[in-house]
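Right, one structure below, let's go through it.
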Amino acid sequence: ATIQSVYTKPELFKHIKLVIIDEAHNLAPRALDTMYTSFIQAIGSPKVIGFTATPYRLEIGYYRDETGALTAATMLKLINRMRHKDAKGMFWKRIIYEISHLNLLKAGYLSPIEYIHQPLLPYAEIPINISHSDYNLEKYTEAIIGKEAEILSTISEAQKRFKSLLIFCSTTGQAERLSEVIKGSKCVLATTPKKERVKIIKGFKDGSIKTIFNVGVLTTGFDKPDLDCIILLRPTRSPNLYNQILGRLTRIAPGKKKGTVIDFTSTCQSMGRIETFRLVQGYSGKWDLRTERHDFWHDKVLFKRIIEGK
């Protein structure tokens with residue numbers, strides 16, 4: 001069941017002694033009144049086990065810097081190191097089991113990834129949004145509009161080289177504009193009618209549709225094991241989103257030797273290859289995320305802005 005379908009009917013589930021939550025990072029540990037926490041409490045607070053490939057979340061914290069200015073910072077937090085100030089303890093109290101992407105790759109459960117770095121803008125020049133919580137995707141799209149010939153040429157060449165292409169765009173306008181030029185391609189957007197979306201995804205999975213443009217739709221939960229190419233036209237500093245996007249490429253399938261990501265945004269270079277993402281325990285026993293780019297991600301500030309003072 002989805003949490004949306006059951007949280008208003010806890011009386012039907014009071015006999016349940018164990019709850020298993022997939023994509024456990026979707027439960028916000030600092031919130032005491034979410035659908036998840038309300039439902040779990042209402043059915044008698046049974047044991048809860050969570051599964052996730054990305055046990056961390058982004059949140060905004062506030063602090064005063066050395067000048068006294070109040071600063072808002074977007075930071076990464078591991079979910080087992082987060083709790084509400086009024087809670088007695090952590091919701092996710094411990095990590096029971098962990099296996100790294102690299103170990104799964106070595107064991108043959110995941111497909112290797114080839115990274116092609118083809119930036120359209122220097123990473124440092126990608127515009128930030130007003131709240132400084134992520135990139136300004138509208139402005140980024142405008143900044144690269146003069147390079148759409150290069151983008152289209154790359155997509156056309158990729159169609160010849162790969163069996164299927166999943167393209168992550170920054171805006172719906174960009175996705176629709178590019179899809180109009182690329183023959184045989186389709187768009188899957190938040191506004192795509194359900195019946196049409198089901199039909200497009202079915203065609204993509206059976207191979208009758210080779211290329212799909214999407215805007216943040218085909219990430220968590222989308223499964224096409226033989227997908228062999230992703231084109232990244234959407235920059236992000238979120239390790240969650242980055243990992244979930246490239247995770248679509250790591251499935252194994254008969255005849256598939258590797259997946260390829262063509263990165264127009266420098267995100268892969270900035271974040272690090274996902275096979276280097278791993279959870280580690282420090283000397284204090286606390287878990288943290290480590291990649292080839294950063295040794296410690298917990299409390300790492302990704303964006304910040306001054307909201308009061310100098």
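Our summary gives the chain a relative contact order of 22 percent, counting only alpha carbon pairs under 8 angstrom and 6 or more residues apart. Oblate is the label for segment 152-212, because the ratio a/c of its alpha-carbon gyration tensor axes (a ≥ b ≥ c) is 1.5 or higher and a/b is not greater than b/c. Of interest is the spacing of the C-alpha centroids, which for segment 38-83 and segment 95-166 amounts to 26 Å. Inverting the pair-averaged 1/r between distinct Cα atoms of the chain gives 21.4 Å as its Kirkwood hydrodynamic radius. Spacing of the modelled spin labels on residue 306 and residue 190, each 7 Å from Cα toward Cβ, amounts to 3.3 nm.
Note the full-extension length gain between residue 130 and residue 294 as 0.36 nm times their separation in residues minus their Cα-Cα distance, in nm to one decimal. Let's see the in-between values first.
On the way: separation 164, 0.36 × 164 = 59.04 nm, distance 2.60 nm.
Extra length available between residue 130 and residue 294 comes to 56.4 nm.
Applying 0.36 nm per residue to the separation of residue 123 and residue 87 and subtracting their alpha-carbon distance, the gain on full extension is 9.0 nm. Residues whose amide H falls under 5 Å from that of residue 134, counting only those 5 or more places apart or on a different chain, are 129, with hydrogens built in the peptide plane.
Please identify the trypsin sites (Lys or Arg not before Pro) of segment 113-222 that satisfy two criteria: DSSP loop assignment and at most 10 other Cβ atoms within 10 Å. Which are they?
Answer in residue order: 183.
Computed over the chain, the per-residue total of -39500 (n - 2.57) for DSSP H runs of n ≥ 4 gives a 222 nm mean residue ellipticity of -6500 deg cm²/dmol, rounded to 500.
What is the local net charge at residue 225, summed over the other residues whose Cβ is closer than 9 Å to its Cβ (Lys, Arg +1; Asp, Glu -1)? Show your work: numbers first, answer last.
Values: positive: 224, 251, 256; negative: 223, 226.
Computed value for this residue: +1.
Where a ≥ b ≥ c are the square roots of the eigenvalues of the C-alpha gyration tensor, would you call segment 51-142 rounded, which needs a/c under 1.5, or, failing that, prolate if a/b is larger than b/c, or oblate? Oblate, since a/c reaches 1.5 and b/c is not below a/b. Note on segment 223-298: Rg/Rh from C-alpha atoms, Kirkwood Rh, equals 1.03.
Quick check: from the Cα gyration tensor, does segment 103-200 come out rounded (a/c under 1.5), prolate or oblate?
Working: a/c = 1.40, a/b = 1.13, b/c = 1.23.
It comes out rounded by the Cα gyration axes.
Helix 148-161 axis versus longest C-alpha principal axis of the chain: approximately 90°, rounded to the nearest ten.
Using bins of 5 Å that start at zero, the share of Cα-Cα pairs per bin across segment 145-249 amounts to 2, 12, 25, 27, 21, 10, 2, in whole %. The magnitude of the dipole of the chain, with charges of +1 and -1 set on the Cβ of Lys/Arg and Asp/Glu and taken from the Cα centre, is near 920 debye.
FYI, it's all coordinate maths here, none of it is from the lab. All values derive from a computational prediction rather than experimental measurement. Positions of Cβ are generated from backbone atoms using ideal geometry, with glycine treated the same way; all protein chains shown enter the neighbour counts.
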